[in-house]
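Let me begin by presenting the structure, written as structure tokens, before commenting on it.
The values are calculated or read from the model by the stated rules, or taken from the named source; none is laboratory data. All figures in this text were calculated on a predicted structure; none of them were measured in a lab. All Cβ positions, even for glycine, are placed from backbone atoms using ideal geometry, and neighbour counts span all protein chains on display. Just so you know, the surface numbers come from the protein's heavy atoms only, side chains and all, with ligands and any DNA or RNA stripped out. Shrake-Rupley method; radii C 1.70, N 1.55, O 1.52, S 1.80 Å.
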Amino acid sequence: MNIMGINITEIPMLIMAFLISCILTIIFYKLFPRLGGNLYTTIRGGTPRAVGLAPFIVLLLFFPPPGNYLIGIIGILAFLDDIIGRKKIKGLPFELGQLSRGMGMLLVMVVGYFYFGLTSIIIALMIQPMNIADMQPGTASSTILIMSLIMAILLYLTTGNPYSAALIILVTCLGYATLDYQGKIMMGEVGNHSFGVSLGIVYTLLGINVANFHNWGTGGVFLVVLVLLIITSFLIAFLRRENLKNFLETSLQIHNPKYGDLLMDVLSGGGLGDLLRKIILGKRNISVKNKFMIFLGFRRLLYNPYGI
């Protein structure tokens, strides 16, 4: 299976992607406070949201097809979520923005299936940990820079091609990251969702190479990408460990949280995770007493904010 067998032979393309990302980031950083609405939040004394629109545009322009099709789908619907904000849908248990995001994830799975098979499910699920990473300044950027660099190296070792889609992710994030590390901007859904899907696609490319080498078949690709998703989540949990521990103890009353709790928060926290808990658990609260399950993080996984 040879998908996205690209050879980016011109370094100027990477330089251009970096510069456009820098320029658009600065433009949106200045513009969004003037536009106001849901594109500007009072967090940290006033912070432009959805500045991740800049890297989304760059990825859409420079990421090779069919990957950019999936980035386009999720980016557009995620940006609608950023614009709409937390508006309820009358008579339904979810917000309009959640519906938009959920549709984006489903479309990534469906459209991606024709290019990447069942691995498109994991590609779409990469949105969740990246969304949690974006809740702390610099965490999402650090995750993207670390994982895209690792992928660029591994793709080079497995293909011999020094230029890969991972480098496009890397330079795009470098162009955005400076203001993010300073806490002056937030990616918003459009940014973290676009980066999540793009990383998922690069993970799939590596999975295809590894599976082909070992004759593992499509199931092997799926497992490689799943492992990389978990590794990414471990990294995010580590980078956010202090904030996550404080959040779990003070907001969710999970005392002495284990690393498993931090990982489960990354994998299942946030609005979509809580919505699934509401659908599955209703108003039930499940108390976890088993020490091994506590170690694995089941207190956080089964925490139901809608429970009585």
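One table, with the values for the structure above:
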quantity: Restraint check, Lys30/Lys258; Lys245/Lys283; Lys30/Lys283; Lys184/Lys278, Cα-Cα greater than 32 Å; calculated: Lys30/Lys258; Lys30/Lys283; Lys184/Lys278
quantity: Cα gyration tensor category, rounded, prolate or oblate, for the stretch 139-242 with a/c compared to 1.5; calculated: prolate
quantity: Solvent-accessible area, 1.4 Å probe, carbon plus sulfur percent, for the chain; calculated: 68
quantity: Added length on full extension, which subtracts the Cα-Cα distance from 0.36 nm per residue, Asn215 to Phe114; calculated: 34.2 nm
quantity: Efficiency of FRET between Ile15 and Asn161 - r from beta-carbon atoms, R0 22 angstrom, step 0.05; calculated: 0.75
quantity: Solvent-accessible area of Thr178 with every protein chain in place, 1.4 Å probe, in Å² to the nearest 10; calculated: 90
quantity: Cut-off under 5 Å, modelled amide H: who pairs with Tyr40 long-range; calculated: Arg49
quantity: Förster-model FRET efficiency, 25 Å R0, Ile146 and Tyr69, C-beta, rounded to 0.05; calculated: 0.45
quantity: Candidate residues Ile26, Ile122: accessible-area rank, largest first, probe 1.4 Å; calculated: Ile26, Ile122
quantity: Ordering of 148-161, 106-119 by packing [mean C-beta count within 10 Å, highest first]; calculated: 106-119, 148-161
quantity: For the chain: relative contact order, % (alpha-carbon pairs under 8 angstrom, 6 or more apart); calculated: 20
quantity: Shape of the stretch 239-288, Cα gyration tensor, a/c cut at 1.5; calculated: prolate
quantity: Sites Asn290 and Glu242 - FRET efficiency at Förster radius 35 Å, r taken between beta-carbons, to 0.05; calculated: 0.85
quantity: Relative contact order, percent, the stretch 119-199 [alpha-carbon distance under 8 Å, six or more residues apart]; calculated: 48
quantity: Cα gyration tensor category, rounded, prolate or oblate, for the stretch 12-71 with a/c compared to 1.5; calculated: prolate
quantity: The stretch 155-220 - accessible surface per residue (Å², probe 1.4 Å); calculated: 34
quantity: Per-peptide average of other Cβ atoms within 10 Å, ordering 223-235, 281-293, 240-252, 128-140 highest first; calculated: 128-140, 223-235, 240-252, 281-293
